[in-house]
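The values are calculated or read from the model by the stated rules, or taken from the named source; none is laboratory data. On a predicted model such as this, the values are computed, not experimentally measured, just so you know. Positions of Cβ are generated from backbone atoms using ideal geometry, with glycine treated the same way; all protein chains shown enter the neighbour counts. Quick note on the areas: whole protein, heavy atoms, side chains included, nothing else; ligands and nucleic acids left out. Shrake-Rupley method; radii C 1.70, N 1.55, O 1.52, S 1.80 Å.
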Amino acid sequence: MKHSRFTTVAVLVAALIFSSCQSVKNVSEDTTPQELLRMAQNAYDHGSARKALAYYDLLAERFGSDAGAYVVARYEAAHIYIKKHKWAKAEPILQEVVEIYRNMPAGTLPGSYLKMAEADLEKIPQKKSAETQAAE
């Protein structure tokens, strides 16, 4: 009886490990930007920032020619870095988002992401911001 209980537990643990390590590379080519965004948000909501970032990267990679989808993907990735206080990773992405807005005709992109990117840039401590600029 002990052996079968151990086997059952081992199988369940292996299944959990396998399911949590699934690669986002298995995402169908037919997946829409909205579906990828939802997958990323669900991953983050379930405690997997790494998987969420992978989904956002995939969204930007697959739909980078759509400026709206690209901005959303890049901003959301940067926002995760802000929440984790990874300023050096967040800052260049947020600056990229702001720069995209500066180079696009007004009204082309949703204005909320520009405002949120600027707000997140304000959250970056000045010392960290200066270090990032010095590294460039």
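Any residue that is at pLDDT 95 or above, over 12 Å from the mean Cα position of the chain (by Cα) and crowded, with 22+ Cβ neighbours inside 10 Å - is there at least one of those in the range 96-103? Within the range 96-103 (the criterion being at pLDDT 95 or above, over 12 Å from the mean Cα position of the chain (by Cα) and crowded, with 22+ Cβ neighbours inside 10 Å), the answer is yes, since at least one residue qualifies. In the range 23-34, is there at least one residue being open to solvent by 90 Å² or more (accessible area, probe 1.4 Å), more than 28 Å from residue 126 (Cβ to Cβ), part of a helix (DSSP H, G or I) and modelled with pLDDT under 95? Yes, the conditions are met somewhere in the range 23-34. Scanning the range 35-59 for residues that are open to solvent by less than 50 Å² (accessible area, probe 1.4 Å), part of a helix (DSSP H, G or I) and not charged (D, E, K, R) yields a count of 12. Could you check, for the range 60-82, whether at least one of its residues is open to solvent by 40 Å² or more (accessible area, probe 1.4 Å), of a type in the set (A, V, I, L, M, F, W, C), under 14 Å from residue 34 (Cα atoms) and not in a helix (DSSP H, G or I)? Taking every residue of the range 60-82 in turn, at least one turns out to be open to solvent by 40 Å² or more (accessible area, probe 1.4 Å), of a type in the set (A, V, I, L, M, F, W, C), under 14 Å from residue 34 (Cα atoms) and not in a helix (DSSP H, G or I).
On the stretch given as the range 104-120, residues that are loosely packed, with under 11 Cβ neighbours inside 10 Å and hydroxyl-bearing (Ser, Thr, Tyr) total 1.
Just one of (1) surrounded by 15 or more Cβ atoms within 10 Å (Cβ to Cβ); (2) farther than 18 Å from residue 41 by Cα; (3) modelled with pLDDT of 95 or more fails for residue 85. It is (1).
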